[in-house]
Amino acid sequence: MTFNSTEFLLFALSFFLIYGVLKSSLQRRLLLVAGSFFFYSWGNPIHLIFLILSGLIDYLIGNELHRKKNVFFLFLSIGLNLGILSLFKFSDFASETFHFSIFNKSYLLSGIPIGVSFYTFQSMSYSIDIYRRKLEPAKDVFHFFSFLAFFPQLVAGPICRGSELLGQLEILDSKEIKFEEAAKLLVIGFFQKMFLADQLF
């Protein structure tokens with residue numbers, strides 16, 4: 001699902017209409033996570049497994065690092081995340097060079113998930129910032145995944161640090177959406193993308 005598609009327009013309108021009706025902070029976070037997961041799994045639902053796995057790793061490790069500043073957990077986070085990323089980035093190379101049958105036959109590893117580098121490094125930066133005492137852990141797992149899987153920047157970046165986005169999402173939980181301002185920004189963005197960028201480049 002691309003940002004300049006009819007499918008995304010319908011998805012965004014539905015999402016914001018439902019979001020505007022919800023009043024509970026938890027309900028809004030649940031909708032944001034569910035909507036982001038739906039958006040991400042549009043191309044290949046099986047790849048959602050790796051987004052959730054990467055997120056759970058750093059959510060749990062982040063809580064441990066907050067309780068005790070242990071470099072072992074930091075390296076564990078980095079190693080596991082880079083390991084998942086390497087499975088996709090180097091699976092074709094391993095298949096062709098070493099003839100590893102697991103890479104040739106595994107449906108899980110077919111294709112490279114969209115935005116895998118973005119969410120892997122974003123998730124990893126969360127653990128790093130907690131270890132460096134520059135960030136408090138997310139208040140719950142849904143709040144964390146609303147940061148990690150935030151659909152407006154999930155597949156195209158930029159990579160956002162927890163200190164940049166988590167606080168904004170907390171504020172967003174309790175604020176009313178200004179639909180007129182949001183619609184204006186969306187229309188301007190669609191125009192710039194479809195009638196300027198796509199035509200010129």
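At a glance:
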quantity	calculated
Condition broken by residue 124, with the remaining ones in (1) buried (at least 16 other Cβ atoms within 10 Å of the Cβ); (2) assigned to a helix (DSSP H, G or I); (3) at pLDDT below 85 satisfied	(3)
Of residues in the range 68-84 being of a type in the set (S, T, N, Q) and under 22 Å from the mean Cα position of the chain (by Cα), the one nearest to residue 137 (Cα to Cα)	77
Selection count, the range 108-166, where residues are without any contact (Cβ under 8 Å) to a residue 60 or more places away in the chain and of a type in the set (Val, Ile, Thr)	3
Those residues of the range 43-79 which are at pLDDT 90 or above and open to solvent by 50 Å² or more (accessible area, probe 1.4 Å), in sequence order	52, 56, 60, 64, 66, 67, 71, 72, 73, 75, 76
Residues within the range 162-187 that are at pLDDT below 75 and polar (S, T, N, Q), tallied	1
Cβ-Cβ under 8 Å pairs, at least 6 apart or on other chains, the range 16-34 side farther than 16 Å from residue 143 by Cα, far side surrounded by fewer than 16 Cβ atoms within 10 Å (Cβ to Cβ)	16/177; 16/179; 16/182; 20/176; 20/177; 20/179
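Per-residue answers, yes or no, for (1) surrounded by fewer than 16 Cβ atoms within 10 Å (Cβ to Cβ); (2) farther than 24 Å from residue 28 by Cα; (3) modelled with pLDDT of 90 or more:
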position: 113; (1), (2), (3): no, yes, no
position: 138; (1), (2), (3): no, no, no
position: 152; (1), (2), (3): yes, no, no
position: 157; (1), (2), (3): yes, no, no
position: 160; (1), (2), (3): no, no, no
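The values are calculated or read from the model by the stated rules, or taken from the named source; none is laboratory data. Note that the structure is predicted; figures quoted are calculated from it, not measured. Positions of Cβ are backbone-derived with ideal geometry, glycine not excepted, and every protein chain shown enters the neighbour counts. To get the accessible areas, we keep the full protein, side chains included, count just its heavy atoms, and leave off ligands, DNA and RNA. Shrake-Rupley method; radii C 1.70, N 1.55, O 1.52, S 1.80 Å.
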